[in-house]
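Questions regarding the structure given below will be posed in turn.
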Amino acid sequence: MSERPFWETVALEDMTSEQWESLCDGCAKCCLLKLEDEDTLELAYTDVACRLLDLGTCACTRYPERSRLVPDCVTITPDIIPKLHWMPKTCGYRLLSEGKPLPWWHPLVSGDPETVHQAGISVRGRVISERRAGDLEDHIVDWPDEDID
């Protein structure tokens, strides 16, 4: 009988830093710029990525100092996940927080960091950098929050 993986047995708040960081699937959807309607509070995703995102690898180029360089960058912790209504439905942190399993393409499940890209979950090939975007309202998209299969 095989041992169950840590993400099924360890509470989010009890994970080590290494375990916590490994929950990130590398999709980079959280690095997309979002617009919020001031009146309705409705959220709109764009296909514009943070200037620190490497568009090919979907990794932050300045991860350790991202919060200092990009003040709007949110450091995800177990206690704030339920409050982050903008987190995509595919996010490993959100899924586990909601008691749902990680999908087949998550690198912890597949053992391969490329499956998130192969499954079409990541932003790879679908975004531009905020340095080139111009007016964000011209870049509103709905694919970042599509349901997973």
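The values are calculated or read from the model by the stated rules, or taken from the named source; none is laboratory data. Note that this is a predicted model, so its numbers are computed, not measured. When we count neighbours, we look across all protein chains shown, and the Cβ atoms used for this are built from the backbone with ideal geometry, even at glycine.
Is it the case that Leu96 is over 21 Å from Cys50 (Cβ atoms), touching a Gly at 6+ places or on another chain (Cβ under 8 Å) and either of a type in the set (Val, Ile, Thr) or surrounded by 14 or more Cβ atoms within 10 Å (Cβ to Cβ) (or both)? Steps first, answer last, please.
On the way: over 21 Å from Cys50 (Cβ atoms): yes; touching a Gly at 6+ places or on another chain (Cβ under 8 Å): no; either of a type in the set (Val, Ile, Thr) or surrounded by 14 or more Cβ atoms within 10 Å (Cβ to Cβ) (or both): yes.
In short, no.
Would you confirm, using the coordinates I've provided, whether Cys27 is touching a residue at least 24 places away in the same chain (Cβ under 8 Å) and either in a strand (DSSP E or B) or within 15 Å of the chain's Cα centre (by Cα) (or both)?
Numbers: touching a residue at least 24 places away in the same chain (Cβ under 8 Å): yes; either in a strand (DSSP E or B) or within 15 Å of the chain's Cα centre (by Cα) (or both): yes.
Yes; evaluated as a whole, the condition is true for this residue.
Somewhere in segment 30-43, is a residue under 24 Å from Glu146 (Cα atoms), touching a helix residue (DSSP H, G or I) at 6+ places or on another chain (Cβ under 9 Å), at pLDDT below 90 and not in a loop (DSSP other than H, G, I, E, B)?
yes
Additional query: Among the candidates Val74, Val109, Val127, Val141, single out the residue that is touching a Lys or Arg at 6+ places or on another chain (Cβ under 9 Å) and either farther than 30 Å from Arg4 by Cα or of a type outside the set (Asp, Glu) (or both).
On the way: Val74 fails: touching a Lys or Arg at 6+ places or on another chain (Cβ under 9 Å); Val109 fails: touching a Lys or Arg at 6+ places or on another chain (Cβ under 9 Å); Val127 fails: touching a Lys or Arg at 6+ places or on another chain (Cβ under 9 Å).
Unique residue meeting the criteria: Val141.
If you scan segment 54-69, which residues turn out to be in a loop (DSSP other than H, G, I, E, B) and either in contact with a Ser or Thr (Cβ under 9 Å, 6 or more places away or on another chain) or aliphatic (A, V, I, L, M) (or both)?
Going through segment 54-69, the residues in a loop (DSSP other than H, G, I, E, B) turn out to be 55-58, 61-62.
Answer for segment 54-69, where residues must be in a loop (DSSP other than H, G, I, E, B) and either in contact with a Ser or Thr (Cβ under 9 Å, 6 or more places away or on another chain) or aliphatic (A, V, I, L, M) (or both): Leu55, Cys58.
Something else: Check whether at least one residue in segment 61-77 is in contact with an Asp or Glu (Cβ under 8 Å, 6 or more places away or on another chain), closer than 25 Å to Ala44 by Cβ and small (Gly, Ala, Ser), and report yes or no. It would help to see each step written out before you state the result.
Here is the first cut: in segment 61-77, the residues in contact with an Asp or Glu (Cβ under 8 Å, 6 or more places away or on another chain) are 61.
From what's left, closer than 25 Å to Ala44 by Cβ: none.
Within segment 61-77, none of the residues are in contact with an Asp or Glu (Cβ under 8 Å, 6 or more places away or on another chain), closer than 25 Å to Ala44 by Cβ and small (Gly, Ala, Ser).
Return only the number of the condition from (1) modelled with pLDDT of 95 or more; (2) assigned to a loop (DSSP other than H, G, I, E, B); (3) of a type outside the set (A, V, I, L, M, F, W, C) that Asp72 does not satisfy.
Single failed check for Asp72: (1).
Out of Thr90, Thr46, report the one residue that is within 24 Å of Glu146 (Cα to Cα), touching a strand residue (DSSP E or B) at 6+ places or on another chain (Cβ under 7 Å), crowded, with 19+ Cβ neighbours inside 10 Å and of a type in the set (Ser, Thr, Tyr).
On the way: Thr90 fails: touching a strand residue (DSSP E or B) at 6+ places or on another chain (Cβ under 7 Å).
Exactly one of Thr90, Thr46 is within 24 Å of Glu146 (Cα to Cα), touching a strand residue (DSSP E or B) at 6+ places or on another chain (Cβ under 7 Å), crowded, with 19+ Cβ neighbours inside 10 Å and of a type in the set (Ser, Thr, Tyr), namely Thr46.
Consider Trp7 against the criteria (1) within 20 Å of Val123 (Cβ to Cβ); (2) among the aromatic types (Phe, Trp, Tyr); (3) surrounded by 12 or more Cβ atoms within 10 Å (Cβ to Cβ): it satisfies all of them except one. Which criterion is unmet?
With (1) within 20 Å of Val123 (Cβ to Cβ); (2) among the aromatic types (Phe, Trp, Tyr); (3) surrounded by 12 or more Cβ atoms within 10 Å (Cβ to Cβ) applied to Trp7, the lone miss is (1).
I'd like to check something: does segment 87-95 contain any residue that is in a loop (DSSP other than H, G, I, E, B), of a type in the set (Val, Ile, Thr) and more than 12 Å from the chain's Cα centre (by Cα)?
Initial filter on segment 87-95 (in a loop (DSSP other than H, G, I, E, B)): 87-91.
Remaining after also requiring of a type in the set (Val, Ile, Thr): 90.
Then drop every residue that is not more than 12 Å from the chain's Cα centre (by Cα), which leaves none.
Scanning segment 87-95 turns up no residue that is in a loop (DSSP other than H, G, I, E, B), of a type in the set (Val, Ile, Thr) and more than 12 Å from the chain's Cα centre (by Cα).
Results for (1) under 21 Å from Ser22 (Cβ atoms); (2) in a strand (DSSP E or B); (3) of a type in the set (Gly, Ala, Ser), shown as yes or no for each residue.
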site	(1), (2), (3)
Ile76	yes, no, no
Gly99	yes, no, yes
Leu102	yes, no, no
Asp112	yes, no, no
Ser122	yes, no, yes
Arg126	no, no, no
Asp138	no, no, no
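Right, here's the next one. Sort out which residues of segment 42-75 are in contact (Cβ under 8 Å) with a residue 24 or more places away in the chain and basic (Lys, Arg), and write them in order of number.
Scanning segment 42-75 gives a single hit, Arg51.
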